[in-house]
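**Student:** I have a structure here, written as structure tokens, and I will follow up with some questions on it.
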Amino acid sequence: MDKSTIICRCEEISLEEIVEVIANGARTFDDIKRLTRCGMGPCQSKICNCLVAGVIHEQTGMEFHQIPLPRMRMPISPIKLETLATNSTTFSSVKSVLDEVELEDGKVK
Amino acid sequence: MNAVETDVLIIGAGPAGLAAAFETASRGLQVTLVDESKSMGGQLVQQTQVLSSLPSIYQPMCGFELAAHLSRQLEDFEIRYLLGHRVIGFYKDGSVGITDEKNVFPLRAKKTIVATGASENAIAFPKWTLPGVMTIGAAQTLMNRNFVQPGKNAVIVGSSDFAMDVALQLSKVGVRIRGIVEKNTGVKANGTEKVEQVRKIGIPILLNSSIKEARGIGAVSEVDIQQGEDIWTEKVDLVCVDGGRSPILDIFYQLGCSFGHQEELGGWVPQYNNDFQTDCENVFLAGNAAGISTQGALLVTGMLAGINVCAALGAISKEAVEEGKQSLWKELESIETRSNLKVWQARNQHIEKFAHPVLKDQFIS
Ligand SMILES: Cc1cc2nc3c(=O)[nH]c(=O)nc-3n(C[C@H](O)[C@H](O)[C@H](O)COP(=O)(O)OP(=O)(O)OC[C@H]3O[C@@H](n4cnc5c(N)ncnc54)[C@H](O)[C@@H]3O)c2cc1C
Ligand code: FES
């Protein structure tokens, strides 16, 4: 691998960009995702996840079991908005989206 | 539209899901089987090699024959098939969202068996994203399922049993294999016969070597192979990479299951107990999703998940469950210790850690 080698093919993020954010303190897949868009493509990190874990391991010496999984949200694979917005009133809310931030009186705690 | 109800929801109609479907449907439970593919059999459909490590009740047969056998076995039962349907996630009330690509509808199951299989891991080198570079499984799918020859001149990266099988299959359809490139000092495959066959038909196995770079305009046309100090160029239009496989976890993650880490099972694996039950009481699992293993072992895990779900829903007597579990665990041990002892050991270690997962409560950060 050289520094121009692509790690996230969906978003065309190179090894160099990933190494740079790790040097700035990124330690998990989601850290890297927030800083570079790595993992935000159509495959939703199904392809780059293992490559990124490899880079974190090499750069920081962290063991693979110390590198957590990326967050996997609904929908787990791409779907047309038109399809997702089925005119049904029986659905309960989606599980993942708002559970990350805990709200108190409508504000983030 | 009200949520569709079912006793048992099985996600994935590969060998594990089909085996679980037989165990549950044959004991009178109402079973819904969903798979995004229009056909049943999962990854078995493109496997033309003879599977040697099947449970003792099976004759040796090829993957696609096993897929047909497992599907036929279900003909006598009333199963709700949702083929060509994708699971897109779960709602807060526990119902699952399923799409037929036109609509999404909710489904509620008393018990869910997740048998979503494994995905192949990528290997990165400069220009690995050029067309013509693909995973070894993609090459096998193109060749055996779509009847498309994926290239004329190939190199294969990785030397697992899977890579050896596909090398032989590619050669048979006229693809010239310039070499199997392995970064380690020894061949990874356990099946020494297969490796012999590969050597016999003149495919060079290059140890201590790797792809330094691929080149091409619009598609791969050559690769540089490095072995120690030597670097040379091979003209190829196909590069098959075998980076190993890992369980597909998105559905477990959405369900709130915990995970542990076992390198031999493919990395992160949902945490489960002796009954192939996750730490979410109503969620069971089977197949490669529970750790990468051989087809025979995957079938047994599907049967185990199936009878444990029957037990949880009171569809089988206590004695029958105990007897069934005991003999299936014996079978699993016999298959896995024969085909890959390390996988058997890792599976047991993983189960022992059931109460102490590495990753849990992923949705509450
Ligand atoms: C391309 C490929 C080729 C392979 N070839 C070989 C080989 O030659 N030799 C070998 O030993 N092993 C091979 N394997 C490994 C293979 O995974 C196992 O042999 C076996 O098929 C796994 O059985 P399973 O039941 O666990 O999963 P699978 O057979 O993978 O079945 C899982 C099923 O779940 C479905 N599914 C997954 N997610 C969803 C969702 N969200 N919604 C709906 N459906 C879903 C999939 O469509 C699939 O049909 C291959 C794997 C791949 C990916
Ligand atoms: S490869 Fe990174 S999101 Fe697809």
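The values are calculated or read from the model by the stated rules, or taken from the named source; none is laboratory data. Just so we're clear, the structure is a prediction, and the values are computed from it rather than from any experiment. Neighbour counts are summed over all protein chains in view; Cβ atoms, including those assigned to glycine, are modelled from backbone coordinates with ideal geometry.
For (1) in contact with an Asp or Glu (Cβ under 8 Å, 6 or more places away or on another chain); (2) free of Cβ contacts under 8 Å to residues at least 12 places away in the same chain; (3) of a type in the set (Phe, Trp, Tyr), each residue gets a yes or a no:
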position: B:79; (1), (2), (3): no, no, no
position: B:91; (1), (2), (3): no, no, yes
position: B:107; (1), (2), (3): yes, no, no
position: B:110; (1), (2), (3): yes, no, no
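**Student:** Now for a separate question. Of all residues in the stretch B:185-214, which are closer than 25 Å to residue B:129 by Cβ, more than 23 Å from the chain's Cα centre (by Cα) and without any contact (Cβ under 8 Å) to a residue 40 or more places away in the chain?
**Tutor:** B:206, B:209
**Student:** Return only the number of the condition from (1) touching a strand residue (DSSP E or B) at 6+ places or on another chain (Cβ under 6 Å); (2) free of Cβ contacts under 8 Å to residues at least 40 places away in the same chain that residue B:228 does not satisfy.
**Tutor:** Of the numbered conditions (1) touching a strand residue (DSSP E or B) at 6+ places or on another chain (Cβ under 6 Å); (2) free of Cβ contacts under 8 Å to residues at least 40 places away in the same chain, the odd one out for residue B:228 is (1).
**Student:** Only one of these is touching an Asp or Glu at 6+ places or on another chain (Cβ under 8 Å) and at pLDDT 95 or above: A:60, A:36. Name it.
**Tutor:** Step by step, each of A:60, A:36 is checked, and only A:36 is touching an Asp or Glu at 6+ places or on another chain (Cβ under 8 Å) and at pLDDT 95 or above.
**Student:** While we're looking at this one, here's another question. Whether any residue in the stretch B:86-109 is more than 14 Å from chain A (Cβ to nearest Cβ) and either of a type in the set (Asp, Glu) or within 23 Å of the chain's Cα centre (by Cα) (or both) is what I want to check. Don't jump to the end; show me each part of the working.
**Tutor:** First, pick out the residues of the stretch B:86-109 that are more than 14 Å from chain A (Cβ to nearest Cβ): B:109.
Restricting the remaining residues to those that are either of a type in the set (Asp, Glu) or within 23 Å of the chain's Cα centre (by Cα) (or both) gives none.
Scanning the stretch B:86-109 turns up no residue that is more than 14 Å from chain A (Cβ to nearest Cβ) and either of a type in the set (Asp, Glu) or within 23 Å of the chain's Cα centre (by Cα) (or both).
**Student:** Here's a follow-up. Checking residue B:240 against (1) away from chain A (no Cβ under 14 Å); (2) away from ligand 1 (no atom under 12 Å from the Cβ): exactly one of these is not met. Which one?
**Tutor:** Going through the list (1) away from chain A (no Cβ under 14 Å); (2) away from ligand 1 (no atom under 12 Å from the Cβ), residue B:240 breaks only (2).
**Student:** I've got another one for you. Select, from B:182, B:193, the only residue that is at pLDDT 95 or above and acidic (Asp, Glu).
**Tutor:** Among B:182, B:193, only B:182 is at pLDDT 95 or above and acidic (Asp, Glu).
**Student:** In the stretch A:16-40, how many residues are in contact with a Lys or Arg (Cβ under 9 Å, 6 or more places away or on another chain) and farther than 27 Å from residue A:76 by Cβ?
**Tutor:** 2
**Student:** Looking at the structure I just gave you, is residue B:86 at pLDDT 95 or above and either near ligand 1 (Cβ under 8 Å from one of its atoms) or under 25 Å from residue B:265 (Cα atoms) (or both)?
**Tutor:** yes
**Student:** If you don't mind, another one. Name the strands (runs of 3 or more DSSP E) wholly inside the stretch B:131-201 in which the number of residues that are surrounded by fewer than 15 Cβ atoms within 10 Å (Cβ to Cβ) is 1 or more.
**Tutor:** B:176-181
**Student:** So which of B:34, B:8 is near ligand 1 (Cβ under 8 Å from one of its atoms) and in a strand (DSSP E or B)?
**Tutor:** When all the criteria are applied, what remains is B:34.
**Student:** Of the residues B:138, B:154, which single one is touching a helix residue (DSSP H, G or I) at 6+ places or on another chain (Cβ under 9 Å) and small (Gly, Ala, Ser)?
**Tutor:** B:154
**Student:** Scan the stretch B:221-233 and tell me whether some residue there is among the hydrophobic types (A, V, I, L, M, F, W, C), modelled with pLDDT of 95 or more and not in a strand (DSSP E or B). Full working, then the answer.
**Tutor:** In the first step, residues of the stretch B:221-233 are kept if they are among the hydrophobic types (A, V, I, L, M, F, W, C); the result is B:223, B:225, B:231-232.
When the remaining residues are screened for being modelled with pLDDT of 95 or more, the result is B:223, B:225, B:231-232.
From what's left, not in a strand (DSSP E or B): none.
No: the stretch B:221-233 contains no residue that is among the hydrophobic types (A, V, I, L, M, F, W, C), modelled with pLDDT of 95 or more and not in a strand (DSSP E or B).
**Student:** Step by step: first the residues of the stretch A:5-17, then only those that are within 11 Å of chain B (Cβ to nearest Cβ) and not basic (Lys, Arg), then the one that is nearest to ligand 1 (Cβ to nearest atom). Which residue is that?
**Tutor:** Step by step, filter the stretch A:5-17, then rank; the result is A:10.
**Student:** Still on this structure: Which pairs turn up if I take residues in the stretch B:286-301 that are without any contact (Cβ under 8 Å) to a residue 12 or more places away in the chain and look for partners that are surrounded by fewer than 24 Cβ atoms within 10 Å (Cβ to Cβ) with beta carbon separation below 8 Å, at least 6 apart in sequence or on another chain?
**Tutor:** Partner pairs satisfying both residue conditions: none exist.
**Student:** Now for a separate question. So which residues in the stretch A:6-26 are away from ligand 2 (no atom under 13 Å from the Cβ), without any contact (Cβ under 8 Å) to a residue 40 or more places away in the chain and within 23 Å of residue A:63 (Cβ to Cβ), if there are any at all?
**Tutor:** A:20, A:21, A:22, A:23, A:24, A:25, A:26
**Student:** Consider residue B:115 carefully, then state whether it is near ligand 1 (Cβ under 9 Å from one of its atoms), more than 13 Å from chain A (Cβ to nearest Cβ) and within 18 Å of residue B:250 (Cβ to Cβ).
**Tutor:** For residue B:115, the condition - near ligand 1 (Cβ under 9 Å from one of its atoms), more than 13 Å from chain A (Cβ to nearest Cβ) and within 18 Å of residue B:250 (Cβ to Cβ) - is met.
**Student:** Let me ask something additional. Look through B:29, B:44 and report the one residue that is away from ligand 1 (no atom under 11 Å from the Cβ), more than 14 Å from chain A (Cβ to nearest Cβ) and not β-branched (Val, Ile, Thr).
**Tutor:** B:29
**Student:** May I pose another question? Quick one: residue A:49 ticks every box in (1) modelled with pLDDT under 95; (2) within 16 Å of ligand 1 (Cβ to nearest atom) bar one, so which box is it?
**Tutor:** (1)
**Student:** Which of the residues spanning the stretch A:27-41 are more than 10 Å from every other protein chain (Cβ to nearest Cβ) and either surrounded by fewer than 20 Cβ atoms within 10 Å (Cβ to Cβ) or touching a residue at least 60 places away in the same chain (Cβ under 8 Å) (or both)?
**Tutor:** A:27, A:28, A:31, A:34, A:35, A:37, A:40, A:41
**Student:** Here's something else I'd like to know. Which helices (runs of 4 or more DSSP H) does the stretch A:12-72 wholly contain that include 1 or more residues that are under 13 Å from the mean Cα position of the chain (by Cα) and more than 21 Å from residue B:243 (Cβ to Cβ)?
**Tutor:** Counting at least 1 such residues, we get A:29-36.
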